[in-house]
Amino acid sequence: MPENKENTLGNTQAVVKKPRKFSLVWVIPCLACVITALLIWNNTINVGPEIKIIMSDAEGMEAGKTLVKFRSVVVGTVKDISLSDDFSKTVLTVEMKPNTSALLNKKSQFWVVKPRIENTTVTGLDTILSGAYIQMSKGNDQTFENSFVCLDTPPVNTEVGVGKQIYLESKESKKVQVGDPVIYKGFKVGSITYAMLDVKNDLIRYSAYIEEKYKNLIGKNTVFWSYSGVDFSLGASGIDLSFDNLNNILQGGVVFDNFSNYESKSEENSQGLIYQLFKNEKQARLQTLMYMPNFVVMVNDNLRNIAESSKVTYKGIEVGEVVSAPWYANDFDLYNKSDTIPVLIAINSKGMDYDFVNDFYVKALKEKRLCATVESSSLISGGNEIALLFDDGMCSFKYALYRNKPVIPIISGLSISDQIDSILANINSIDFGQLSFEMSSTLRSLSKLANNLNKISASLNDQKVVKNLGNVLSNLNNTLKTLNQTTNDYGSKSKVYKNLDKSLEQLNSIMKDLRPAVEKIGRNPNVLIFGEKNSDPEIKVGK
Amino acid sequence: MKSLALVILATSLLTGCFSNSVRQQEEFDSYTLIDDLDPKVLAAKEHIDVNLKSPLNKGSIVIKTSDVALRVTNSHKWAQSLDEQLQLLSASVLSKYALNPRISYEINVLQFYGSTNGKVNISLSCKALNANKTIFVNSYVYEGFQSDDGYEALVLKLKEGYISIMENIAYDVLAIR
């Protein structure tokens, strides 16, 4: 059986198997190679640029966690946080994502997004839970840059189109914040992008960005003023109060307008025009009035409530404004010059030719037909206005110049406020103390008299005779009235008058005789019925 | 009968009440101080102003009945107002002296009355003015007793006393000159 077995085995043909082409043993090395390759790719080829962001304080930043975003898309991660060599700054090493090199140029900006409450907005609330992150904006420069200074505040968005950069300078204290809008006729046309205190020139310098579609609004005749949304002034022309919408009231900003006949004297720097930023609209408008026909009015003695912006009227119609009052060449003129005070006025030539308006007034002055007077414009504020008069008779004054401006002569007029001042002065001269004392004593006497009359009338009320007496007195009163009328018709020397005088004397005598009786009845009404018990005392010498 | 008796009783009571009121009507006497004056003094009275303190201005003679009581009489009245009478009386006396006619006088009378025992009191103050400028101020008092009982003697004594005061005033004013 074992041979059979061997035979059987001996007859079996061997099957040749083909060896396997890929051994599973290589799976693991291959996988390792792929991973290695991926890692190499990821760490070499698929790596974005590494940049450094310098900031003063790395508050809220965490290495490996803090993200860098552009338009809310993650474009990088903070890889490392370290201090600068001199320990004055913190340096963030950020690993940007691949293909973000185009975002990084000289004008790219980085800032930290965290909860921030501004004038009208609250931003960055999402970072309360997620933590702060770094936001970036793409600059419009072509030069690659990998080191940036982080901004303290978010920059104003100037990416939309190519607008216009303007520069403002102000001598007033800072009223405008970075980010405040630039407004034209109520529309936001740009933003303040930068503010700086120029210590050397004692100025505040601003730069503003005007959006592309509005950039043509800015020209040489543009005037800028800061704007608070609420405008209140109590001036010579009365109370002026205006409100804008709530947003503008809260936000403020810079407003501009274009004035005809005005050309800015501002210099142009390498980047554009530098405009003056006026304190308010009034100051801005007064500045432009200097480019309209100007004249000088010499006010006598005192300014009489004439101030900047006071009206200049002709036939009650406003034709101009006071530009400066007083308009001295220098401050010493107040003490050196005569009693007259120069007031510079401007005639509003809007819509008309400058030369036409100027020539019209100068011609009238030379022909001695034009003069002015001061009139009251507001009873509330006591402000006055300058009224122009064209009159051949009244305005016969010589043509004169003051600081090269034609002088409009003034004729005396008394404004309502002056009249009120005069009346008040007269009232002030009255001795109210003495008057009050005399009135007081008179009233006391009257009060006593009234009390006595009350007592008498109260005690006489129930007496028949007295009632009759009342009737008699009433009749007498009527008679006196009639007599009074009669005396109006007759003179004091007439017979009738004398008779009446006599009658009145008699009546007076009767009244005097009645007086003790009335007093007696007042004291003791019973005497009418029961008679008087006490008779006059007897006089006996030596008693 | 009862009603008749009531009527009679009521009538009697009423009659009893009115019997006291039906009395003889008294007539009062009027007294004057200026009956004997020269009418010329009427023109000179203008520069004399006399003011009477109460109750002298009540139109009746005043009698002092105790140290603190004055009685205005009912039946003894002044024929004219007392201030006017005194004004004329003053003018009459002063006109007898060669006084500056531009001087005016303000006389304030405090006492001008008698008393039940016949004593007469007059007191007054006098201010003399020349062109509204005070040149002289003085007070005067007169006391005397009337010679007879009654009001006529009182009036005569009052007149006599007042004239003597005015004469003193005239002397004083003359002394200023």
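Any read-out appearing in this document is the output of simple, stated calculations on the displayed coordinates, not a laboratory observation. The structure presented is a predicted model; accordingly, all values stated were derived computationally and were not measured. Cβ: placed from backbone, ideal geometry, glycine included. Neighbour counts: every protein chain shown.
Quick notes
- Across the stretch A:45-151 the C-alpha pair distances fall into 5 Å bins from zero in the proportions 3, 13, 23, 25, 19, 12, 6, 1, 0, 0 percent.
- In this simple spin-label approximation, A:Tyr354 and A:Ala102 carry label points 7 Å from Cα along the Cα→Cβ vector, and these lie 5.1 nm apart.
- Extents of the stretch B:96-135, taken as max minus min of Cα coordinates on every principal axis and listed largest first, are 43, 21, 9 Å.
- Set B:Lys77/B:Lys159; A:Lys185/A:Lys215; A:Lys502/B:Lys53 screened for pairs whose C-alpha atoms are more than 20 Å apart: A:Lys502/B:Lys53
- Across the stretch B:70-163, Cα-Cα pairs farther apart than 23 Å form 30% of the total.
- Per-residue average of Cβ from other chains inside 10 Å of B:69-78: 3
- Across A:Lys89/A:Lys279; A:Lys171/A:Lys311; B:Lys96/B:Lys127; A:Lys448/B:Lys127; A:Lys512/B:Lys127; A:Lys520/B:Lys40, pairs whose alpha-carbon gap is larger than 30 Å: A:Lys89/A:Lys279; A:Lys520/B:Lys40
- With θ taken as phi - 60° and the Karplus curve 6.51 cos²θ - 1.76 cosθ + 1.60 applied, the whole-hertz 3J(HN,Hα) list for the stretch A:178-192 is 4, x, 5, x, 9, 10, 10, 6, x, 9, 7, 10, x, 9, 6 Hz, x standing for glycine and proline.
- Length gained on full extension, B:Tyr97 to B:Thr116: 3.3 nm, using 0.36 nm per residue less the C-alpha separation.
- Modelled spin labels at A:Tyr328 and A:Lys398, positioned 7 Å past Cα toward Cβ, are 2.5 nm from each other.
- Label sites at A:Lys138 and A:Leu38, each approximated as a point 7 angstrom past Cα along Cα to Cβ, lie 3.0 nm apart.
- In a fully extended conformation the segment linking A:Lys213 and A:Glu438 would gain 73.0 nm over its present Cα-Cα distance, using 0.36 nm per residue.
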